[in-house]
Amino acid sequence: MPLQIESRKSTVTEEGLPVEELVVNVGPSHPSTHGVGRVIVHLDGESITKADPVIGYLHRGIEKMAENRTYLQIVPLTDRLDYVGSMYANWAYCRTVERLADIRVPERAEYLRVIVCELQRIASHMMGIGSAAADTGAFSMFIYTFDVRERIIELFESLCGARLTYNYVRPGGVSFDTPEGWTDQVLELLGTLDASLDELDRLFFGNVITRGRLKGIGVLSAEDAVAWGASGPVARGSGVDWDLRRDDPYSVYPRFEFDVVLGENGDAYDRGRVRLVECYESARIIAQAIEQLPGGAVRPEGLQRLIAPPPGEAYDHIEAARGSLGVYLVSDGSPRPYRMKVRSPAFCNLALLSKLCEGHTLPDLVVVLGSLDPVFGEVDR
Amino acid sequence: MSIYEAIRAVVEEMAPDLGITVTESWDDAILDIPAESLLAVGRELKARGFDRLGMVTAVDRDEEFELVYRVQSRTLSAAAFVKTRVARERASIDSLYEVWPAADWQEREVWDLFGIAFVGHPDLRRILLPEDWPGHPLRRDYEDANVIKRPDYI
């Protein structure tokens with residue numbers, strides 16, 4: 001990839017010593033870049049003056065591909081956006097299609113969507129915390145978080161057969177009803193989840209080295225978080241009280257009791273801890289959803305396989321693990337969308353990287369990147 | 001009061017020479033504006049509590065490009081779409097970076113994939129594609145030997 005790196009700035013100190021800016025390349029396949037991403041870092045001595053992310057290594061042109069496929073054929077594409085949180089992209093896309101084509105979703109399907117997406121949130125946050133921990137050298141945390149994630153993924157596997165790209169939420173409902181005893185397995189998991197999360201909290205967030213590495217790093221003010229379009233744990237870590245599940249309620253979320261978790265300082269530590277505490281809240285939602293889970297069909301009767309919505313456009317969004325994930329669809333009345341746009345939270349959050357790294361050292365770049373928790377499948381689309 | 005009515009009330013307070021028409025689509029309010037008043041509308045909306053720019057995108061409408069902005073207000077708990085159109089030839093429009101810095105990467109993405117230039121953007125470079133990529137793929141007339149059109153019967 002030819003890329004113009006700005007010419008180095010050279011200055012001379014008061015004592016007449018020459019000072020030259022140092023440009024360091026991190027990536028594209030660096031173990032701590034959370035996917036195939038690259039950051040060009042400009043250093044003045046030890047401190048970062050600019051960190052320019054170079055993205056697009058995973059750009060597959062999903063928006064362009066969507067113009068050439070029917071509405072049902074696009075669902076598997078959305079799996080490949082945020083590949084540690086596929087359920088979200090499925091759901092955001094399906095909500096927009098349902099709005100556009102005026103499809104009613106059976107209540108049981110809405111509940112199942114909430115259950116799988118909250119499970120997905122826990123799995124995704126575990127991935128985020130684990131890889132951020134591994135970046136700071138606490139590799140054993142990765143094993144602890146992956147233990148929890150693995151148990152959730154096994155549940156997904158028994159639900160829909162896939163471990164990563166679920167293709168589970170479909171326009172109109174979900175692909176399969178729960179297998180026998182599935183909800184009991186979920187409740188069993190929830191029974192041990194709190195203990196696992198407590199242990200993680202103590203081991204990682206209570207650790208003096210973690211506190212030293214994460215506290216005060218990459219501080220994001222609430223005003224900047226809003227102005228730069230940050231969402232999800234990145235914005236909430238700065239105390240921005242904004243969660244679509246509560247503030248723009250969709251699906252059956254108004255029926256559940258849960259708290260929106262907020263940080264205070266807006267640093268890497270708070271962003272990480274917001275993710276952890278959100279897992280407890282997700283567990284609360286899942287328990288309530290299983291208790292209220294109604295019977296009935298999971299897909300509406302008589303739904304056409306070839307959906308051809310009337311001409312028009314629609315936008316819908318959900319609170320994904322990384323923030324507000326929106327899908328904008330334009331229909332011209334044919335069975336293929338005229339235009340699909342994915343509003344990716346990871347993309348918008350990653351735009352903050354350079355701002356957050358300013359004045360920090362190179363090892364802190366890794367901490368800040370980990371605390372933004374980007375998934376490059378979604379950043380690049 | 002519905003979101004549409006709330007946004008209508010906000011728009012009625014704004015300067016009348018901006019040329020805004022408000023329409024309702026589903027439960028969203030759409031503000032149709034002429035391209036030259038985009039920056040002024042952006043500033044007015046920001047001053048009236050629309051503090052988040054959620055999405056910037058474009059749609060290729062054959063003769064012209066339609067630009068779609070989604071702005072959110074946490075105080076009103078409402079969101080509105082701002083739409084405007086620019087000519088296809090040498091497409092360009094004012095950047096909203098100075099109003100909402102969130103426009104930074106999103107406008108770069110629109111430039112990359114649609115080739116719409118944003119005047120006043122501090123760093124308008126390609127973002128997803130390599131710098132030497134020919135053309136702008138999300139234009140409907142974009143052609144690439146590797147892109148195979150699916151037959152219509154599927």
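Here are the numbers for this structure:
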quantity: Every residue from the range A:242-260 that is in a loop (DSSP other than H, G, I, E, B) and either more than 8 Å from every other protein chain (Cβ to nearest Cβ) or at pLDDT 90 or above (or both); calculated: A:243, A:249, A:250, A:251, A:252, A:256, A:257, A:258, A:259, A:260
quantity: Residue within the range A:310-330 that is part of a helix (DSSP H, G or I), among the charged types (D, E, K, R) and more than 15 Å from the chain's Cα centre (by Cα) present; calculated: no
quantity: Output for the range A:296-324, where each listed residue is in contact with a Gly (Cβ under 8 Å, 6 or more places away or on another chain) and charged (D, E, K, R); calculated: A:299, A:316, A:319, A:322
quantity: Residue within the range A:340-355 that is assigned to a loop (DSSP other than H, G, I, E, B) and over 25 Å from the mean Cα position of the chain (by Cα) present; calculated: no
quantity: Evaluation of residue A:80 against (1) touching a helix residue (DSSP H, G or I) at 6+ places or on another chain (Cβ under 9 Å); (2) within 14 Å of another protein chain (Cβ to nearest Cβ); (3) of a type in the set (Lys, Arg) (one fails), failing number; calculated: (2)
quantity: Residue match in the range B:89-97 (condition: more than 11 Å from the chain's Cα centre (by Cα), acidic (Asp, Glu) and away from chain A (no Cβ under 14 Å)); calculated: yes
quantity: Scan of the range B:99-147 for residues that are surrounded by 16 or more Cβ atoms within 10 Å (Cβ to Cβ), touching a residue at least 12 places away in the same chain (Cβ under 8 Å), within 12 Å of chain A (Cβ to nearest Cβ) and farther than 16 Å from residue B:59 by Cα, ordered by number; calculated: B:99, B:100, B:102, B:103, B:104, B:105, B:126, B:127, B:128, B:129
quantity: The range B:30-67: number of residues that are crowded, with 18+ Cβ neighbours inside 10 Å, closer than 24 Å to residue A:332 by Cα and more than 12 Å from chain A (Cβ to nearest Cβ); calculated: 2
quantity: Residue among A:321, A:268, A:283, A:314 that alone is away from chain B (no Cβ under 12 Å), hydrophobic (A, V, I, L, M, F, W, C) and over 21 Å from residue A:218 (Cα atoms); calculated: A:283
quantity: Residue tally, condition hydroxyl-bearing (Ser, Thr, Tyr) and at pLDDT below 80, over the range A:11-58; calculated: 5
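The values are calculated or read from the model by the stated rules, or taken from the named source; none is laboratory data. Not measured: the values here are computed from a predicted model. Heads up, the Cβs are rebuilt from the backbone with ideal geometry, glycines too, and the neighbour counts pull from every protein chain shown.
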